[in-house]
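Enquirer: I'd like to ask some things about the structure below.
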Amino acid sequence: MKTTLKSLILCAIAALSSVAAYAAPAQKDSIIITFGDKTRMIIYGEDRKELDKLMKYDLNSLLADLGARLDTMKGETKIYFEDIDGRKYMKDSADAKDKNYVRIGLRGIRIKDGDTEVTITTRGVDIKDGSDRVRVGGDRDDRDRDYDRDSRSGGIDTTARDGEGRRGDYDADYDNDGDRVMRIRRVRRYSSPRRGFNVALGLNTYSQNEPGSFNAESYDLRPFGSRYISLGFVKSATLARGKNAGLHLDFGLDVAWNNLMFEGNNTIEKGQTAVSFPLILDNEAREVDVRKTKLTVPYVNFSLMPTVSFPGSFISYISAGGYVGYRLGGYSKIKYPDGKKDKERSNYYLNDFRYGAAFELGIKNFPDFFVHYDMNNLFQDNRGPAVRMINFGIRF
């Protein structure tokens, strides 16, 4: 009897030990949340570290989805949703980067399959496979601007520079993550380098000056004060393509300002029959030393320029042609030493149209040079001195 009782006691102790051993991990690696007396939510994890990952999830969003599903269920007290992917409820989307997806949006298409990511946009294609990366088109860096500027449009050309600036079949670089990137660029070899938006800055002076009855000294210009500025856009049509050169016909439209800054203290006035260039006087008829006095004449211009381009050469292009412009107004301005300014708008008997010849020279790694030579007078006949303007400077 004693032997039988002893055996029963040992069996009970062993059973309780096994139950305790089984129950301890469940209690340690699980979370039980009680809602009232009859509702519980139990969350299991393999270990404490797995349960700590709950902090990365948006449980409110998860419960909202569960509530929507429960509304469709009837007569069940235990429901298992095995098809729920918890990764989409992560607060930080970066923690879910291992998820594969295909996304199509207004900015393009993005595909992720394991370590391979493909992004397709209007600017090009970006393919990333682990630490290797290939880009086709787009994302030009600063050191390639001079090369692309010399060979704009026309086709696909993989000739570029590698990481050390040498010519090669690709450009080896590194992105922000330290990954090695191979860029394959679209090189516009057979389009005019002049095409697109451009800005011209320069100076102007008289190319021809016949004073007639006027005093030439009263309307002399300051050499570096008389400036020329234009903002324009150029479209191009390619007429011929060769191995080392291309012929293009460029159409340009720009708005330009001719600023004629007078030397000395003279200004311009419009009289009954002609302009005059009187001295600026004070109330006591004494000459006033002004900081500047100028005449500004704005134009809208249309140009037609045949252009020969030389991709990859030191001289990127040579362009020569003509232009015609229409005057948009005109005004004179005086700036006094105390900062006071006088401004008067008038046509000053200026010709409404201008026309002339233009020449441009493109230099690799440097702004382009331009010269504009007016072939008609600035003022109407017998209304002002017979002067013609010439503009020259650099073009970006």
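The values are calculated or read from the model by the stated rules, or taken from the named source; none is laboratory data. These figures come from a predicted structure and were not determined experimentally. All Cβ positions, even for glycine, are placed from backbone atoms using ideal geometry, and neighbour counts span all protein chains on display. Only protein heavy atoms, including side chains, enter the accessible area calculation; ligands, DNA and RNA are left aside. Shrake-Rupley method; radii C 1.70, N 1.55, O 1.52, S 1.80 Å.
Enquirer: So which residues in the stretch 326-367 are touching a residue at least 40 places away in the same chain (Cβ under 8 Å) and among the charged types (D, E, K, R), if there are any at all?
Expert: Passing the criteria: Lys333, Lys335, Arg354, Glu360, Lys364.
Enquirer: Tell me yes or no: at least one residue of the stretch 353-365 is out of contact with any Pro (no Cβ under 8 Å at 6 or more places or on another chain), more than 24 Å from Phe197 (Cβ to Cβ), assigned to a strand (DSSP E or B) and open to solvent by less than 20 Å² (accessible area, probe 1.4 Å).
Expert: Scanning the stretch 353-365, I find no residue that is out of contact with any Pro (no Cβ under 8 Å at 6 or more places or on another chain), more than 24 Å from Phe197 (Cβ to Cβ), assigned to a strand (DSSP E or B) and open to solvent by less than 20 Å² (accessible area, probe 1.4 Å), so the answer is no.
Enquirer: Against the definition (aromatic (Phe, Trp, Tyr) and more than 23 Å from Val255 (Cβ to Cβ)), how does Tyr331 come out, yes or no?
Expert: When the stated conditions are applied, Tyr331 does not pass them.
Enquirer: Return yes when Gly246 is of a type in the set (Gly, Ala, Ser) and either under 30 Å from Phe197 (Cα atoms) or open to solvent by less than 10 Å² (accessible area, probe 1.4 Å) (or both) and no when it is not.
Expert: yes
Enquirer: Against the condition surrounded by fewer than 19 Cβ atoms within 10 Å (Cβ to Cβ) and out of contact with any helix residue (DSSP H, G or I) (no Cβ under 6 Å at 6 or more places or on another chain), how does Asp254 come out, does it pass?
Expert: Here the answer is no, as Asp254 does not meet what is asked.
Enquirer: Do we find a residue being exposed (fewer than 15 other Cβ atoms within 10 Å of the Cβ) and under 30 Å from Pro306 (Cα atoms) anywhere in the stretch 210-228?
Expert: no
Enquirer: All but one of (1) under 28 Å from Asp352 (Cβ atoms); (2) outside any strand (DSSP E or B); (3) open to solvent by less than 20 Å² (accessible area, probe 1.4 Å) hold for Thr296; state the number of the condition that does not hold.
Expert: So the condition that Thr296 fails would be (2).
Enquirer: Take the conditions under 30 Å from Val290 (Cα atoms), polar (S, T, N, Q) and in contact with a Leu (Cβ under 8 Å, 6 or more places away or on another chain) and apply them to Asn351. Does it pass?
Expert: For Asn351, the condition - under 30 Å from Val290 (Cα atoms), polar (S, T, N, Q) and in contact with a Leu (Cβ under 8 Å, 6 or more places away or on another chain) - is met.
Enquirer: Would you pick out the residues in the stretch 228-251 that are among the polar types (S, T, N, Q) and assigned to a strand (DSSP E or B)?
Expert: Across the stretch 228-251, the qualifying residues are Ser230, Ser236, Thr238.
Enquirer: Same structure again: Picking from Gly312, Gly339, Gly329, which residue would you name as being under 20 Å from Phe369 (Cα atoms) and surrounded by fewer than 17 Cβ atoms within 10 Å (Cβ to Cβ)?
Expert: Checking each option against the conditions leaves just Gly312.
Enquirer: Which of the numbered conditions does Pro337 fail, given that it passes all the others? Conditions: (1) touching a strand residue (DSSP E or B) at 6+ places or on another chain (Cβ under 8 Å); (2) in a loop (DSSP other than H, G, I, E, B).
Expert: (1)
Enquirer: So which residues in the stretch 265-291 are outside any loop (DSSP other than H, G, I, E, B), loosely packed, with under 15 Cβ neighbours inside 10 Å and under 48 Å from the mean Cα position of the chain (by Cα), if there are any at all?
Expert: Listed by number, the list holds a single entry, Glu269.
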